[in-house]
Each structure stands twice: as C-alpha cells, then as structure tokens.
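Input: a single structure, listed below in structure tokens.
The values are calculated or read from the model by the stated rules, or taken from the named source; none is laboratory data. All of these numbers come straight from a predicted model, not from anything done at the bench. Because the Cβ atoms are built from the backbone with ideal geometry, glycine has one as well, and the counts that use them run over all protein chains shown. Ligands, DNA and RNA are stripped out before the accessible areas are found, and what is left, the full protein with its side chains, is counted by its heavy atoms. Shrake-Rupley method; radii C 1.70, N 1.55, O 1.52, S 1.80 Å.
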Amino acid sequence: MLILSHVPLVNGWNPDNLNYSSDYAQIMASLELFKSNGGTVIACIYGHAHRQEAQKVNGIWHIICTRTEAQFETAEFFMVDLSTFDITTIGIGAAQSRSFEH
C-alpha cells in the first residue's frame, strides 16, 4: 500500500514544527493494524513542505517531495519494485534522485 497525502501523517517531523494532519494518530493506528494483519505499507508520500526529506517510522517510509513556486519544472518521479518494495525516485529540476530500501 502507498499512502499519498498533502500534509504529513507524522508528528514532530523536524525542528521547523512542520504542520501535520490532526488525525495522524488515528491514521497511523489504522496502518499499524493493517500491517499486523499481514498488509504491507510501502510508504507515505507527502508534499506540503516543498522540500525533500524522509524518515522511517515503525518500518514505514515517510517521504516529502519538493516543489517551489519559483521552480515549476521541479518534479520527482517514483518507481516501486513490487518484488522488494524498494523505492527509487528520479529528480527533475531542483529535485534530487533518491532511493529507499523497504
């Protein structure tokens, strides 16, 4: 499962006190229940902060993508290996290419 959300679902993302979803605790509890019943959560992917960051919380990658108002040609393309659930991205413009092991 891939979760796509504009606002991050984790609290305490960084020292900048980045806003996060007010329902993050309930959503994360649902994801943990899904995992405990044999489901795979590959990653949660967000925008909102307009910068590239990532952290792994309880075995789930939380990835923020970048795009700034001044750089409309900036994008990040995601590819998921469905046999390993590893993620590789291709950064365009100001975005860096990244990889994440499941």
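Tabulated data for the structure shown
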{"read-out": "Meets criteria (outside any loop (DSSP other than H, G, I, E, B), open to solvent by 60 Å² or more (accessible area, probe 1.4 Å), at pLDDT 75 or above and in contact with a strand residue (DSSP E or B) (Cβ under 7 Å, 6 or more places away or on another chain)) for residue 31", "value": "no"}
{"read-out": "Among residues of the range 34-70, those that are small (Gly, Ala, Ser), assigned to a strand (DSSP E or B) and closer than 22 Å to residue 94 by Cα, counted", "value": "1"}
{"read-out": "Qualifying positions in the range 1-15 - at pLDDT 80 or above, open to solvent by less than 80 Å² (accessible area, probe 1.4 Å) and either in a loop (DSSP other than H, G, I, E, B) or of a type in the set (Gly, Ala, Ser) (or both)", "value": "5, 7, 8, 9"}
{"read-out": "Which numbered condition residue 50 fails, given (1) at positive phi; (2) in contact with a Phe, Trp or Tyr (Cβ under 9 Å, 6 or more places away or on another chain)", "value": "(2)"}
{"read-out": "Some residue of the range 38-57 being modelled with pLDDT under 90, under 11 Å from the mean Cα position of the chain (by Cα) and open to solvent by less than 30 Å² (accessible area, probe 1.4 Å)", "value": "yes"}
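Rundown of residues vs (1) modelled with pLDDT of 95 or more; (2) at negative phi; (3) of a type in the set (A, V, I, L, M), yes/no style:
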{"position": "23", "(1), (2), (3)": "no, yes, no"}
{"position": "60", "(1), (2), (3)": "no, yes, yes"}
{"position": "71", "(1), (2), (3)": "no, yes, no"}
{"position": "75", "(1), (2), (3)": "no, yes, yes"}
{"position": "81", "(1), (2), (3)": "yes, yes, no"}
